[in-house]
Amino acid sequence: MKLKWAETTDERIKTTADAIGNVLVDAFHYLALFAIGGAIVWSAVVAFFGMATKGHASIDDILLLFIYLELGAMVGIYFKTNHMPVRFLIYVAMTALTRLLISDVQAHHSPETADWGIVVVSGAILLLALATLVIRFGSSKFPSPQADGRD
């Protein structure tokens, strides 16, 4: 008889602790998402006003805004689905490498010299594009189960 009471009490404690833990994890999750989203918006606004005070936007500036847009979309998708879209991280990396490539070519490239840095960055962009292709193919061939148990 006393064991039944102890088991019931133990189960109640576990249920209560799980509920409190879930609330705390969800609260941190949403707080962190809002903080990250706010930092992205803040950085994008500062970059935009920097362009406005400069009087023009270079291709570097525009690509930087695309990086902020992709990061914001990634946070929005994660907020709605609780799944991290890995492809968006790859898109951000590809855009950042493209920005690096364009600024490097504008600043240092002369037609007389061949620069291996351009080849390496271009190869990295190609590798990321192939990774995106593999991820898209894998997710279409082997879809992950839904969060509610449906396939």
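Laid out as a table, the results:
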{"read-out": "Exclusive hit being assigned to a helix (DSSP H, G or I), over 30 Å from Tyr30 (Cα atoms), without any contact (Cβ under 8 Å) to a residue 12 or more places away in the chain and among the aliphatic types (A, V, I, L, M), set Val134, Val121", "value": "Val134"}
{"read-out": "Verdict on Met94 being touching a helix residue (DSSP H, G or I) at 6+ places or on another chain (Cβ under 8 Å), within 30 Å of Leu130 (Cβ to Cβ) and assigned to a helix (DSSP H, G or I)", "value": "yes"}
{"read-out": "Members of region 1-35 that are under 33 Å from the mean Cα position of the chain (by Cα) and hydroxyl-bearing (Ser, Thr, Tyr)", "value": "Tyr30"}
{"read-out": "Condition check for Arg87: charged (D, E, K, R), under 12 Å from the mean Cα position of the chain (by Cα) and part of a helix (DSSP H, G or I)", "value": "yes"}
{"read-out": "Cβ pairs under 6 Å, 6+ apart, first in region 79-92 and of a type in the set (Phe, Trp, Tyr), second surrounded by fewer than 16 Cβ atoms within 10 Å (Cβ to Cβ)", "value": "Phe79/Leu33"}
{"read-out": "Hits in region 73-84 (condition: surrounded by fewer than 16 Cβ atoms within 10 Å (Cβ to Cβ) and closer than 23 Å to Gly50 by Cβ)", "value": "Ala73"}
{"read-out": "Sole exception among (1) over 30 Å from Asp26 (Cα atoms); (2) of a type in the set (A, V, I, L, M, F, W, C); (3) at pLDDT below 85 for Leu97, by number", "value": "(3)"}
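The values are calculated or read from the model by the stated rules, or taken from the named source; none is laboratory data. It should be emphasised that the depicted structure is a prediction, and the values quoted were computed from it without experimental measurement. Neighbour counts run over all protein chains shown; Cβ positions are idealised from the backbone, glycine included.
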